[in-house]
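Inspection log for the structure reproduced underneath, given as structure tokens.
What follows is calculated from the coordinates using simple rules that are stated; it is not laboratory data. Please read all numbers here as calculations on a predicted model, not as lab measurements. Heads up, the Cβs are rebuilt from the backbone with ideal geometry, glycines too, and the neighbour counts pull from every protein chain shown.
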Amino acid sequence: MKNKNFGRSRAGLILLLVAAGAAGAAGPDEWRDRVLAGWKSWQAIQGELQPLGFSLAAGYMGDASSIKEVNKLDISAGVAKGGYPDEFHFDFASSNQLRQYSQGGSTVENVMTLQTSYERHLLPFFKIFGFLERFTDSYLSIQQRYEVGFGIKGEAEIGLTRAGRDRTAAVQDYRSALGEASRSPGSSESGVPAEALAVDEPQIRRTLTALKKKHAVLALGLIVTALAEVERAELELADGSKQLLDPARRYRLAIRPGLTYVFAEGLSLKWKTYFKLPVFGATHAVAFDGRSLYDIRSDTYVTLKYDLPSSPAWARKISLLIEYKYFFDNVPPYIPAVQAAPRDHNSLVFKIGAEF
């Protein structure tokens, strides 16, 4: 009886091994297909996360203050390369208005900004950056202002949009398939491209972090920047001529909180406020009327952006933008009140933009 039972047990064990071998034979086909599908998704995601992008936008700008209101043409353009952990930006913005003088002649009132910056994440929630900016604003009597500085930024992301969840799931499936491939014999001879099998865990974790930052529902940030500022102001006379003032040099500490909130795919709100405080020198300046004014600068930007659901073949994305800008005390306080722009004014911009 024992021999008979042993024979049955041995037969059952043989059948189990045969079944396991059959399953193992089917396994490579399964992980091979998953790796190939994951590799295709991975390439598309990398192209999205590390693009060389160009953007262009133009529209109408209304600039209002307590003493005057002007309408302008607003134009902006930018080039960006990279994403996480490195990113490079070059941005240009300009708004223009043609003005006529009662004595004859005309001029173009111009606001122009040129800025370049480089950012580097040291940790997923912490990065350092450096920047250089040139700014002119005839409305604020600023003939030119240069800023150069460096800073740190803390970041936090909450939630993922639908697109972010889909891309994250694709990367996680790819990670799982690569794990199966690493445990399967003969994976190097499976016909799968070597580069598809060479993606390692650090690359996957970096991509998952980049997706979280790009597709977060709510992104919070706080920037602290140290900068040097050289500014030259000018007075505009009644005949339209300019009188330059001596250049002013300052060192400032800038603090900028901000957030981005995505209401739905393609509809987002971005807010940021700059507080520029004087350091390493005089914190007050005496105005022409004898007042002592604290030399603070603050700017607030709010942008509502809507991406059109379909785009033409020549652009990756077409967007409609509404921008609100609030400026406070952006002019040197020693300029005569009759010549200087008001301490605060508001701008509202309606633009259409394209990304390439």
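Worth a mention:
- Note on Asn110 and Leu123: the extension gain reaches 0.7 nm, defined as 0.36 nm multiplied by sequence separation minus the Cα-Cα distance.
- Distance violations [Cα-Cα > 26 Å] among Lys213/Lys272; Lys40/Lys212; Lys81/Lys213; Lys81/Lys214; Lys276/Lys351: Lys276/Lys351
- ³J(HN,Hα) computed for each position of the range 246-252 - Karplus, 6.51 cos²θ - 1.76 cosθ + 1.60, integer Hz, glycine/proline x: 5, x, 10, 10, 9, 10, 10
- Direction-averaged projected area, Cα convex hull, the range 154-222: 5.3 nm², rounded to one decimal.
- Under 13 Å, Cβ to Cβ, from Val79 - net charge with Lys/Arg +1 and Asp/Glu -1: -2
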